[in-house]
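Trainee: To start, I am sharing the structure in question, which I have written as structure tokens.
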Amino acid sequence: MQIGNGQFFLGDCLDVMRGLPDGSVDCVVTDPPYGMNFQSNRSKNGPRYSKIEQDERVNAEWLTEAFRVLKTGGGLLSFCDWGTSHLWRKEIEERGFVLKSQVIWNRLHHGMGDLKGGFAPMHDIIWYATKGRRVFTNGRPKSVMAHRRPSPAEDHGHPTCKPAPLIAELIQSIDDGSGGIILDPFAGSGTTAVAAERTGRKWICIEKQPEYYYPAVARIISEVSGQ
């Protein structure tokens, strides 16, 4: 589906990416299933959200296709959590990427966990890697970015919705001036597309689960029409 500056696909990211030409994408910005097997927002009435598909283990097969479709000088920004970050680092490097930085998203609000025997988690990890050399045009960004986590009323029905200002800051931080296409193989609530629209960038997004895809389509259309 064509929306605004981009295309939004319903389907498996491997199938869609295999149809993209080599070196056709400027950067990949994505929040893949971490491998946590996590069920979000349980309550006495049961879980609020469905489970994320393919979250039972770290599955990094998509990184091979992401590397292929990236141009030389392309960048990768991939979210993960502290418990699997070492596994994702290994997978990213083994696929041929040059690991450059660990970026921290300060969520400004702590999550769940051991209330008496563990630190209250307030951050996510983002690995930044490149395919060859990439030079920033907007100066050297800081490695910690603070943005409020979306509340349940703002998450567009998705358990791991990221704030659009955070994704926009990431996109602008690694900008190399080429204005190329941004790819998100795990689009979820459509935040990457929203951030791309706000920053005037072309984009391709892919989402496998229909219950997230169709609300994301409506969200992006609303964003485009409101500009």
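The values are calculated or read from the model by the stated rules, or taken from the named source; none is laboratory data. Computed from a predicted structure; not experimentally measured. Every residue, glycine as well, gets a Cβ built from its backbone with ideal geometry; the counts of neighbours run over all protein chains shown. For the accessible areas, the whole protein counts, side chains as well, though only heavy atoms, and no ligand, DNA or RNA atoms are used. Shrake-Rupley method; radii C 1.70, N 1.55, O 1.52, S 1.80 Å.
Trainee: Taking the condition of being open to solvent by 80 Å² or more (accessible area, probe 1.4 Å) and touching a helix residue (DSSP H, G or I) at 6+ places or on another chain (Cβ under 8 Å), how many residues in region 203-223 meet it?
Mentor: Going through region 203-223 one residue at a time, the tally reaches 1.
Trainee: Please indicate, with yes or no, whether at least one residue in region 162-173 is buried (at least 19 other Cβ atoms within 10 Å of the Cβ) and touching a Gly at 6+ places or on another chain (Cβ under 7 Å).
Mentor: no
Trainee: On the basis of being open to solvent by less than 50 Å² (accessible area, probe 1.4 Å), farther than 15 Å from SER143 by Cβ and among the basic types (Lys, Arg), does ARG107 make the cut? Don't jump to the end; show me each part of the working.
Mentor: Numbers: open to solvent by less than 50 Å² (accessible area, probe 1.4 Å): yes; farther than 15 Å from SER143 by Cβ: yes; among the basic types (Lys, Arg): yes.
Spelling it out, ARG107 is indeed open to solvent by less than 50 Å² (accessible area, probe 1.4 Å), farther than 15 Å from SER143 by Cβ and among the basic types (Lys, Arg).
Trainee: On the basis of being within 24 Å of GLU65 (Cα to Cα) and in contact with a helix residue (DSSP H, G or I) (Cβ under 9 Å, 6 or more places away or on another chain), does ILE174 make the cut?
Mentor: Details: within 24 Å of GLU65 (Cα to Cα): yes; in contact with a helix residue (DSSP H, G or I) (Cβ under 9 Å, 6 or more places away or on another chain): no.
Answer is no for this residue.
Trainee: Can you report the number of residues in region 61-78 which are surrounded by fewer than 24 Cβ atoms within 10 Å (Cβ to Cβ), closer than 21 Å to SER178 by Cβ and among the polar types (S, T, N, Q)?
Mentor: 1
Trainee: When you scan region 105-154, how many residues do you find that are of a type in the set (A, V, I, L, M) and either free of Cβ contacts under 8 Å to residues at least 24 places away in the same chain or within 16 Å of LEU76 (Cβ to Cβ) (or both)? Working first, answer last.
Mentor: First, pick out the residues of region 105-154 that are of a type in the set (A, V, I, L, M): 108, 112, 115, 120, 122, 125-126, 129, 135, 144-146, 153.
Of the ones still in play, those that are also either free of Cβ contacts under 8 Å to residues at least 24 places away in the same chain or within 16 Å of LEU76 (Cβ to Cβ) (or both) are 112, 115, 120, 122, 125-126, 129, 135, 153.
Within region 105-154, residues that are of a type in the set (A, V, I, L, M) and either free of Cβ contacts under 8 Å to residues at least 24 places away in the same chain or within 16 Å of LEU76 (Cβ to Cβ) (or both) number 9.
Trainee: Also, I was wondering about something else. If you go through region 81-106 one residue at a time, how many are modelled with pLDDT under 95 and not β-branched (Val, Ile, Thr)? It would help to see each step written out before you state the result.
Mentor: Quick first cut of region 81-106, residues modelled with pLDDT under 95 only: 81-84.
Cutting the leftovers down to not β-branched (Val, Ile, Thr) gives us 81-83.
Total meeting the criteria: 3.
Trainee: So which residues in region 181-202 are part of a loop (DSSP other than H, G, I, E, B), open to solvent by 20 Å² or more (accessible area, probe 1.4 Å) and either in contact with a Cys (Cβ under 7 Å, 6 or more places away or on another chain) or without any contact (Cβ under 8 Å) to a residue 60 or more places away in the chain (or both)?
Mentor: Listed by number, the residues that qualify are PHE186, THR199.
Trainee: Here are some conditions: (1) closer than 18 Å to ILE3 by Cβ; (2) crowded, with 16+ Cβ neighbours inside 10 Å; (3) modelled with pLDDT under 95. GLY226 meets all but one. Which one does it not meet?
Mentor: Condition (2) is where GLY226 drops out.
Trainee: Scanning region 150-178 for residues that are part of a loop (DSSP other than H, G, I, E, B) and within 14 Å of VAL29 (Cα to Cα), which turns out modelled with the lowest pLDDT? Outline the logic, then answer.
Mentor: As a first pass, look at region 150-178 and keep what is part of a loop (DSSP other than H, G, I, E, B): 150-163, 174-178.
If we keep only those that are within 14 Å of VAL29 (Cα to Cα) too, we end up with 161-163, 174-175.
Numbers: CYS161: 92, LYS162: 96, PRO163: 96, ILE174: 98, ASP175: 98.
Restricting to residues being part of a loop (DSSP other than H, G, I, E, B) and within 14 Å of VAL29 (Cα to Cα), the top hit is CYS161.
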